[in-house]
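The values are calculated or read from the model by the stated rules, or taken from the named source; none is laboratory data. Computed from a predicted model, the values in this text were never measured in an experiment. Neighbour counts are summed over all protein chains in view; Cβ atoms, including those assigned to glycine, are modelled from backbone coordinates with ideal geometry.
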Amino acid sequence: MVRLALVAFAAAGVMRTASPQQTTAPQTPAASELSKAVEEFRVQARERGLRADSPVQAKFANTKGTRWHGRLFENFRNNFLDAVPHEVVQRGGVQGLLRRNQYGFNLSGPVVIPRLYNGGSATFFSVTFEGVREKVGRSVLTTISTLPERTGDWSATVDSAGQPMPIYDQATTAVNPAFNPSASVSAANLQYSRLPFPGNRMPASRLDAKALEAVALLPAPNSGAGPFFRNNFFIFAPEVNTAGGLIARVDHTMRERHRLGVGLNYSNGADGAAPYYPNAANSGGVSRDRRTRRGTVEHVFTISPRSVNTLTADISTDQFVNLPELDAQGRAFPQYRFAPYLSMGRSYPLSRNARNTLQVTNGFATRFKEHRLRFIGRFTAEQVNSFWPQYPSGSYRFSAGLTSLPGIVNTGHGFASFLLGLAESAQRSVVISPSYFRRQSYYYAIRDQWELRKGLTVNLGLNLDTTTPRTEKYNRQSTVALDEINPVNGRPGALVTAKAGGRGRSFQPFNAKLEPSVSLAWNILGSNRSVARAGYSRSYSPVPVYLGQWGTQAFNGNPTWVSSNIQLQPALRLADGFPAGRAFPDTRPEAANNTVADLIDPSGHQPTYQSFSLSVERELAGSMIVTMGWGQSAGRNLLLSNSGSNPNAIPLAALEFRDQLNDENFNRSLRPFPHYQKFDVYSSWPEGKYQRDAGYLRLEKRTSGGLSMSAYYEFSKQMDNYSGPYGVQDYYNRANEWSLTVGNNPHRFSLTLMYELPFGANKSLLTVTDWRRYLVEGWSISGVSTVASGDPIYLRPQFNNTGGVVDALNVNVVPGVDPHISNPGPNLWYNPAAFAQPPNFTTGDAARTHPSLRGPGSQNHDLSVTKRFPLTSEQSLELSAVGLNFVNLANWNEPDNLIGPASAPNVNAGRIIGSRGGRVIQLGLRYSF
Amino acid sequence: MPMKRRLFLGTTAAVTAMAAPPPPATPADRALLRVPYWSEAADAAATPVVQAMLNGANVTVARLLGPADDLVLLLVLDLAGDLSRVDPARDAINARLKQLPANTMVGLLRAQDGLRVLEDPTANRESVAGRIQELSVSGRAGLLDTMETALGVGDAMLTKARVRVAVLYVSDSVVTNYREDFANPVVNSSDSRDMSRRFPEALIKERMQQIVTRVGRTQTPLFIVQLNYENDRLNEAYQTGLIEAATSTGGNAEFCRTLAEIPDAVGRAFDHVLAHSSAELEFKPAGKVWQYDVQLRAKGAALRHRTRFLPKGKEGR
């Protein structure tokens, strides 16, 4: 029996008990109240369109989901909102130009076509448009030729010390009969004699006509920053970027058991590049157009309450085109490089690429006893179409050597050599046709979520991942076959092409790999508050189909002309143009000899990953969840690039030949495949290995007051045999390369916060009811903070005198000297005396990355503050301010890592020069309805 | 005619024939607030003598309904995701339905693709359980779009009858499964300096605050069992918003981190619903009011109750 009371407070606080008539029971049977409630339910449900027999209008009005919702937004950035980056301040720079507007809308709701179709809650659309207009100022202070230099007058030109720089006439070169070969070359002991131009002026008749044509496109110097005519060209050019795209989606539900979803994504973008010259000779970046299109169709069929089938088809294309600046004949401007002056022309002026993907997936989920099963089948077809000529009009390099006094520094100039048309080297990309790469993969998976017993769930999974190797639509693929004999020297290694000589369409095998996984979740001792999780998985990833035309060397070439002696003979003269080269396709086995040859790994080894994990989650008082975990992941056959892998490297034992290694012919004779300069493996050589161990602690808290917070701390160690910006020392002994991964931060802490400030109506604080509520209500903050310890320090010797045997030389460790110092700071972060430059023709004995020295830590704090103004119950206006690095914190740069020899030590070794970072602000306005 | 339909009509006819007198009408100038509360008295089933203050002033407690009084539970299923979580939820709900006291009626609705009545409130547990087992797991998540409507139906029932009413959602919704776009996916992949997605939760937070405000005007307590516990930023904001919405009505939200937790979470939600009491406060509205702050007290019992209401219509916003 319910005890019923009606209680009122009189002003004096006297309690009054209600009369029996005012109680709810038992005067009327309880069932009658329930029946009234049921009756009201039926009325309400009908009026609100919740029932099958509801009026049509009511059905249409049913739920908020059948109304149109949307938003209009604008995000705004301007350089006056941002801090000047620390690195710019340190260089004495000023704030750059930035104007950015990002705007758009979203609209979603039922599809209604007046008088034709009323989608109600069955057909629903959502469309989002977003546009971006951005102007970013790029400023560069550089050096170009002076006006007198362009006419051949070098009489006023000086070197970096202010001394006159003589320009010599290559045509007057002669062997010095008095040269003493036992002494070093010097002004007093010249191997070759050469006369300077009279008055340091080159006669106009000697200047190359093509060079003069190009010079006419050079703008005049506009800066006197100096010193000595240097830094005489200040570029301040805006880079204009635009983008516009939309995402549209329509969902249609049929008789509750079928749902059909159709999606379309469309985006066009233009990445402008700041021009350095206002004409075809521009050597700035290449402007690029981007196009992305994607279409998706999804059909979900609920076969029964316990069986669902989902079929998805997804087709996409991602394209970019480099926008050429062509002359009247439709040619791109050639590239002329004459350091130290700003070059002319650009690489990849005509390139275009497209990646198209078709993916069809079917998933079927069902339940069988205690097993929840999921079967997945997926077919993927991938196309990469590339047209990728790097130098379609050629690239010429001009150095000081040909206008210098041979063997004497500070004589001659690259621009002077250019004026005379004397190229040190030149190359030209001959791309006959685009490449059309293709690949398919088939993926099958079965997953079982098995509730073994109450509180213990086991997940089992087995995937079969099959991938065909890369093929080319017209079989225009080639590689070096390391087991084929080269006809020129009888050594292994010869160019082969697809679908020729008994070979198939590709050079790699078909791969089929089984990928098992198992994991479990266990509520420890039946407690809902504690969950233990464990997992193991093994997976493989196929070699990507990269953009570009790597692996088509027999069909698309890059003829190169190199001077036999860069001080004496030009590779070619500019006025003569390129000599007639070999014709393409050139499928002869020796066609790639003496080049950097494209090499496709034929082994079929795929990157293999394996991971174990273990964690315990515990829910504490106050809705706080704490998780502790450990995980290990490891990989092998990771794909390495040319810096990490070199199948044509000279073994380190050859260092015993010392100075002989400087002889190019002898040097090449030591390579496993001496008829190739090098191999280009294009990030596809499967030799990498890594292992990562990590323990972590995570705290999560969510409160009814609108606060959610997550703190995550991780301690990790990651080792590998390949990482770093310089490459490896010993390609043939990977165990010696096993060291800390570049970029591994052992301590990492992050904190994320989202908080609806508890001010105003329906909140706990500042529940003011007058005009002030407009100020205090609707505030929200979000923050992300990350603090990490430093990266491992990778030390490098200042000089690498190994005769080209070692690409990335390690330093030596000085025994007995502690590399750590007591108070590391910018003035000295580590003790450089603990390391030494290895003697000539020896390797360093230190690890690639130091096992205990780390660079300075870093931290970053981002914050978002929003203020919402409710206009009606459905409409609101929201202002937001997003600040990246909002505290404008500077993170120190890495310490100088170059270790010099005792005779010429690097005085900055161990010092930190400069810092980086700066606050960036974006303001936003959004109207939602 | 199906058996369950005959049973329902029969019950309705019999109840209607009893012709119960209507409850005393509330004077036109008086307003009512129904405050859900939980008593932590030794005898939790008993209804203690409750005193109430509204915006700092004493008000009349016109009626109290305790755990032993009639209850209509509107059970709303919002199941559009993974079968592996839906099945244990169905089993857990049906297990709890069998244990409900006789004076509890259960109405069944589905929220995917708009709110739909599957079963009017009934005391026939088998009928409801059958509909639950037959329910298709399909469509798009509907929790956010239907919450206010379901609570509105509950409010109407509270107004018409002396019963307790609660709305219980069982949902596997995640932010990305809504028809409306809350995830703010990248539109222009070529835009490399986009800062607007650094804090991707902005849209869902805004929507959740709209909902918290709107459900603050309703009087039916809302309970949510969320079958997924997600900790990415978007779903963290979404799930924190669900907690806030449910709590602001006096109810609460439960989250399941594992399959094994689903039965217990469902069980706890039913327990909360069954244990709730309702205090009907009668008062004379005094001009423009922006918020009602409620304090309930009872001798000999600690009360946990809803503390705030937002006024409807022209009284407030």
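Read through the list (1) touching a strand residue (DSSP E or B) at 6+ places or on another chain (Cβ under 8 Å); (2) modelled with pLDDT under 95; (3) surrounded by 16 or more Cβ atoms within 10 Å (Cβ to Cβ); (4) of a type in the set (A, V, I, L, M, F, W, C), then give the number of the only condition that A:Trp68 fails.
Going through (1) touching a strand residue (DSSP E or B) at 6+ places or on another chain (Cβ under 8 Å); (2) modelled with pLDDT under 95; (3) surrounded by 16 or more Cβ atoms within 10 Å (Cβ to Cβ); (4) of a type in the set (A, V, I, L, M, F, W, C) one by one, A:Trp68 breaks only (3).
Specify the residue that is nearest to A:Arg529 (Cα to Cα); the eligible residues are those in the range A:624-642 that are of a type outside the set (A, V, I, L, M, F, W, C) and surrounded by fewer than 16 Cβ atoms within 10 Å (Cβ to Cβ).
A:Gln632
Within the range B:119-159, restricting attention to residues that are acidic (Asp, Glu) and not in a strand (DSSP E or B), which residue is surrounded by the most Cβ atoms within 10 Å (Cβ to Cβ)?
Restricting to residues being acidic (Asp, Glu) and not in a strand (DSSP E or B), the top hit is B:Asp145.
In the range B:54-66, how many residues are more than 8 Å from chain A (Cβ to nearest Cβ) and within 16 Å of B:Arg306 (Cβ to Cβ)?
2
I'd like to check something: does the range B:226-236 contain any residue that is part of a helix (DSSP H, G or I) and under 23 Å from B:Trp38 (Cβ atoms)?
Scanning the range B:226-236 turns up no residue that is part of a helix (DSSP H, G or I) and under 23 Å from B:Trp38 (Cβ atoms).
Mind listing just one residue for me: the one in the range B:228-254 that is more than 15 Å from the chain's Cα centre (by Cα) and of a type in the set (A, V, I, L, M, F, W, C) and, of those, farthest from B:Val106 (Cα to Cα)?
Step by step, filter the range B:228-254, then rank; the result is B:Leu234.
Among the numbered criteria (1) away from chain B (no Cβ under 14 Å); (2) surrounded by fewer than 18 Cβ atoms within 10 Å (Cβ to Cβ); (3) not in a strand (DSSP E or B), which one does A:Phe236 miss?
(3)
Testing B:Asp181 on (1) facing chain A (nearest Cβ under 9 Å); (2) more than 21 Å from A:Leu50 (Cα to Cα); (3) in contact (Cβ under 8 Å) with a residue 24 or more places away in the chain, one condition comes back false. Which one is that?
The number of the failed condition is (3).
Quick test for you: out of B:Asp91, B:Asp69, pick the one residue that is at the interface with chain A (Cβ under 10 Å from one of its Cβ atoms) and either touching a helix residue (DSSP H, G or I) at 6+ places or on another chain (Cβ under 8 Å) or part of a loop (DSSP other than H, G, I, E, B) (or both).
Going through B:Asp91, B:Asp69 in turn, the sole match is B:Asp69.
Can you find a residue that is away from chain A (no Cβ under 12 Å), touching a residue at least 40 places away in the same chain (Cβ under 8 Å), under 30 Å from A:Val768 (Cα atoms) and charged (D, E, K, R) anywhere in the range B:273-292?
Among the residues of the range B:273-292, at least one is away from chain A (no Cβ under 12 Å), touching a residue at least 40 places away in the same chain (Cβ under 8 Å), under 30 Å from A:Val768 (Cα atoms) and charged (D, E, K, R), which makes the answer yes.
Sort out which residues of the range A:237-257 are at pLDDT 95 or above and touching a Lys or Arg at 6+ places or on another chain (Cβ under 7 Å), and write them in order of number.
A:Thr242
Exactly one of (1) touching a residue at least 40 places away in the same chain (Cβ under 8 Å); (2) out of contact with any Leu (no Cβ under 7 Å at 6 or more places or on another chain) is unmet by A:Ser903. Its number?
(1)
Mind checking which residues of the range A:739-762 are without any contact (Cβ under 8 Å) to a residue 24 or more places away in the chain and not in a strand (DSSP E or B)?
The answer is A:Gly760, A:Ala761, A:Asn762.
Taking the condition of being without any contact (Cβ under 8 Å) to a residue 60 or more places away in the chain, of a type in the set (D, E, K, R) and facing another protein chain (nearest Cβ under 8 Å), how many residues in the range B:211-240 meet it?
Looking only at that region, the number is 2.
Which one is nearest to B:Val187 (Cα to Cα) among residues in the range A:285-315 that are more than 11 Å from chain B (Cβ to nearest Cβ) and not in a strand (DSSP E or B)?
Taking the candidates together, the pick is A:Ser287.
For the range B:106-131, give me each residue that is of a type outside the set (Asp, Glu) and within 9 Å of chain A (Cβ to nearest Cβ).
B:Gly107, B:Leu109, B:Arg110, B:Ala111, B:Gln112, B:Gly114, B:Leu115, B:Arg116, B:Val117, B:Pro121, B:Thr122, B:Ala123
Residues are listed down the side, and each one gets a yes or a no for (1) under 24 Å from the mean Cα position of the chain (by Cα); (2) closer than 30 Å to A:Val811 by Cα; (3) in the same structural domain as A:Trp829 (by TED's automatic domain parsing); (4) modelled with pLDDT under 95:
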| position | (1), (2), (3), (4) |
| --- | --- |
| A:Ser708 | no, no, no, yes |
| A:Phe715 | no, yes, no, no |
| A:Pro746 | yes, yes, no, no |
| A:Glu756 | no, no, no, yes |
| A:Asn762 | no, no, no, yes |
| A:Leu765 | no, no, no, yes |
| A:Asp770 | no, no, no, yes |
| A:Thr786 | yes, no, yes, no |
| A:Gly790 | yes, yes, yes, no |
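For the range A:141-155, state whether one or more residues are at pLDDT 90 or above, within 14 Å of another protein chain (Cβ to nearest Cβ) and outside any loop (DSSP other than H, G, I, E, B).
no
Would you check if there is a residue in the range A:359-372 being crowded, with 16+ Cβ neighbours inside 10 Å, away from every other protein chain (no Cβ under 14 Å) and modelled with pLDDT of 95 or more?
Checking the range A:359-372: at least one residue is crowded, with 16+ Cβ neighbours inside 10 Å, away from every other protein chain (no Cβ under 14 Å) and modelled with pLDDT of 95 or more.
State all residues of the range A:850-876 that are surrounded by 16 or more Cβ atoms within 10 Å (Cβ to Cβ), modelled with pLDDT of 95 or more and of a type outside the set (D, E, K, R); if no residue qualifies, say none.
A:His850, A:Leu853, A:Gly855, A:Pro856, A:Ser858, A:Asn860, A:His861, A:Leu863, A:Ser864, A:Val865, A:Thr866 - these are the residues of the range A:850-876 that are surrounded by 16 or more Cβ atoms within 10 Å (Cβ to Cβ), modelled with pLDDT of 95 or more and of a type outside the set (D, E, K, R).
Just give me the residues in the range A:643-653 being surrounded by fewer than 17 Cβ atoms within 10 Å (Cβ to Cβ) and not in a loop (DSSP other than H, G, I, E, B), in sequence order.
The answer is A:Ala653, and nothing else.
With the structure loaded, tell me whether B:Thr220 is modelled with pLDDT of 95 or more, over 14 Å from B:Leu143 (Cβ atoms) and under 13 Å from the mean Cα position of the chain (by Cα) or whether it fails that test.
yes
Only one of these is more than 7 Å from every other protein chain (Cβ to nearest Cβ), in contact with a Ser or Thr (Cβ under 7 Å, 6 or more places away or on another chain) and closer than 20 Å to A:His258 by Cβ: B:Asp82, B:Asp78. Name it.
Being more than 7 Å from every other protein chain (Cβ to nearest Cβ), in contact with a Ser or Thr (Cβ under 7 Å, 6 or more places away or on another chain) and closer than 20 Å to A:His258 by Cβ holds for just one of B:Asp82, B:Asp78, which is B:Asp78.
Say we look at the range B:95-111 and pick out the residues that are more than 16 Å from the chain's Cα centre (by Cα) and part of a loop (DSSP other than H, G, I, E, B); which of these is nearest to B:Leu135 (Cα to Cα)?
Going through the qualifying residues, I end up with B:Lys98.
In the range B:195-210, how many residues are charged (D, E, K, R), in contact with a strand residue (DSSP E or B) (Cβ under 7 Å, 6 or more places away or on another chain) and assigned to a loop (DSSP other than H, G, I, E, B)?
Qualifying residue count, the range B:195-210: 2.
With the requirement that a residue be surrounded by fewer than 17 Cβ atoms within 10 Å (Cβ to Cβ), in contact (Cβ under 8 Å) with a residue 12 or more places away in the chain and under 29 Å from A:Ala654 (Cβ atoms), what does the range A:814-841 give you?
Passing the criteria: A:Val814, A:Asn840.
For the range A:341-355, does any single residue satisfy the condition of being of a type in the set (A, V, I, L, M) and not in a strand (DSSP E or B)?
Yes, the range A:341-355 has at least one match.
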